[in-house]
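The structure under discussion appears below in the form of structure tokens.
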Amino acid sequence: MKEEDFFYINNILHFKISDKESLSFDFLKGRLFNRLKRIEHESLIKKAIGKNKAQLKIFDATAGSLIDTIIFLKLGHKVVACEQSKILYRLLDDAILRAKKEYDFFENLSFINSDSAKIINSHLDSDILYFDPMFNDSKKHLKRSGLLQKIDKILNIENLDDTSEEIFKKVFKKNFKKIIVKRPIKQKALSTKINYAVSGRSIRYDIYKNSFDS
Ligand SMILES: C[S@@+](CC[C@H](N)C(=O)[O-])C[C@H]1O[C@@H](n2cnc3c(N)ncnc32)[C@H](O)[C@@H]1O
């Protein structure tokens, strides 16, 4: 990652991926914000969280472009979102700064730039641990989503692997309240000990509830 690959257009921070493409985030307008309005995605997440009037503490171990985190925030919950990529973190931090003025819910967000494996143990008391691994073996999905494709390229630039499935497996042996994992509809659950799933047309949320007393 080179400093000169970061640049501003209209006060929005961009990162140059190649001569042909760049990445930036803007929660105030454009495609990303429209995606938040897509009813299916939002209503599926609502179902996966369950009926809850109380404010929940959610740990998002795979922040990515923060779309899912923002859905949690819009529902009134508190989120600690963790993203390993320095590039994504910088671009998103810039987008949050601009969006904060318009959306109060960002006050309930703590956005951290780290490997989730290093900090998740301090967040095991969260009401929900959320994982949305990159779909490594589903190139079809990457093709469909230009944004995921760009995230994939950024991870390559930074030499980072998506290690969230391994983190899930470690955390699964510990004391947690509820884990939600987003999966492509046709792929297997990460554990056979799944409690139930909430399915849409192309994605599914697998829900794991702890059997320990908390
Ligand atoms: C499929 S994307 C998540 C998309 C996200 N749910 C959204 O709404 O945009 C997966 C993200 O998880 C991040 N990630 C994978 N392993 C991680 C780890 N160990 N620590 C922190 N972030 C990780 C990747 O860098 C990538 O940005």
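Bear in mind that the values in this text are calculations on the coordinates, not laboratory data. Because the structure is a prediction, the values reported are computed rather than measured. FYI the Cβ positions are ideal-geometry reconstructions off the backbone, even for glycines, and counts take in every protein chain you see.
Evaluated at q = 0.10, 0.17, 0.18 Å⁻¹, the base-10 log of the normalised Debye intensity for the range 3-209, with identical point scatterers placed on the Cα atoms, takes the values -0.41, -1.29, -1.46.
Counting Lys and Arg as +1 and Asp and Glu as -1, what is the net charge of the other residues whose Cβ lies under 11 Å from the Cβ of F105? That sum, taken over residues with Cβ under 11 Å, equals 0.
Would you compute, from DSSP H runs of 4+ residues alone, the mean residue ellipticity of the chain at 222 nm, taking -39500 (n - 2.57) per run and dividing by the full residue count, rounded to the nearest 500?
-9500 deg cm²/dmol
What number comes out for the charge environment of F176, summing +1 per Lys or Arg and -1 per Asp or Glu over other residues with Cβ under 10 Å away? With Lys, Arg at +1 and Asp, Glu at -1, the neighbours total +3.
Summing charges over all other residues whose Cβ lies under 13 Å from the Cβ of L124, with Lys and Arg as +1 and Asp and Glu as -1, gives +4. Basic side chains Lys and Arg get +1 at the Cβ, acidic Asp and Glu get -1 at the Cβ, and with that the dipole of the chain about its Cα centre reaches some 1060 debye.
The ranking of V80, V198 from fewest to most other beta carbons within 10 Å of each one's beta carbon is V198, V80. In plain terms, the residue of T163, T69, T192 with the fewest other Cβ atoms within 10 Å comes first and the most crowded comes last, giving T192, T163, T69.
Here is the list for the range 47-92: trypsin sites (Lys or Arg not before Pro) lying in DSSP coil, each with at most 11 other C-beta atoms within 10 angstrom of its C-beta, are K51, K53.
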